[in-house]
1. Could you check the spin-label model distance between residue 107 and residue 70? Points 7 Å from the Cα along Cα→Cβ, value in nm.
2. In angstroms, what radius of gyration and Dmax does the stretch 21-140 have, counting Cα atoms only?
3. Would you calculate the separation in nanometres between label points at residue 32 and residue 128, each defined as 7 Å from the Cα along the Cα-to-beta-carbon direction?
4. Stretch residue 83-residue 137 to full length: gain in nm at 0.36 nm per residue minus the Cα-Cα span?
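Each reported figure results from applying straightforward, stated rules to the coordinates on display, with no laboratory input. Treat the numbers as computed from the prediction; the structure is a model and nothing was measured. Cβ placement follows ideal geometry from the backbone for every residue including glycine, while neighbour counts extend to all protein chains displayed.
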Amino acid sequence: MNILSIIIGLVGLLLISCNHSNKITVAFNKVSSINKGASLIHDGQQIGKVVDFKQNQTLDSIYLILTIDKKYKIPKRSTFFIKENLLGDNIINVDFSSSDTYLSSKDISVGIFRPLEVMTGAQLDSARQKIKEKLTKLRVDTARQ
C-alpha cells in the first residue's frame with residue numbers, strides 16, 4: 001500500500017511540474033492587430049502570450065485567452081492594455097497592481113485599448129528610421145520584379 005501511495009504521489013508531481021503556464025482571460029472592447037502568439041509584456045519582459053480569442057456578443061467584447069509563464073503571478077486589479085504600434089504588431093502590456101491576491105483561470109480582467117499616441121523625440125527618430133528601412137526594402141523588392 002505504501003508503494004502505491006508513493007507512485008501516485010510521484011505521478012501527481014510529474015503532472016503538476018509539466019504545466020509550465022497558467023491561462024487567464026482579459027476582456028477588451030477592441031483588439032486592433034492582436035494575433036495569436038502576440039506577446040504579453042511586463043517591465044520590458046515577455047511573460048506570456050495570446051493563445052486564443054473568444055467573442056462575447058452579449059457584452060460586445062473580445063476575450064483574449066493568455067498563457068502566463070508559471071514563474072509569474074499577476075496580481076488582481078492589474079492593468080492590461082493594448083497600445084497601438086505604428087510599425088508592427090500590437091502587444092499587450094500589463095502593469096501589476098499592489099494586490100497580494102493573484103489572478104486565476106476563473107477570473108476575467110478588463111483590458112484597455114490605447115489608441116496611437118503622438119510620438120516625439122527618440123520615439124519619432126526610431127519610427128522614421130524603421131520607415132526608411134522598410135521603404136528601402138520595398139524599393140529593392142520592387143526593382144527585382
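1. 2.0 nm
2. Rg then Dmax for the stretch 21-140, in Å: 16.1, 54.
3. Placing both labels 7 Å beyond Cα along the Cβ direction yields 2.4 nm.
4. Values: separation 54, 0.36 × 54 = 19.44 nm, distance 2.61 nm.
Gain on extension, residue 83 to residue 137, equals 16.8 nm.
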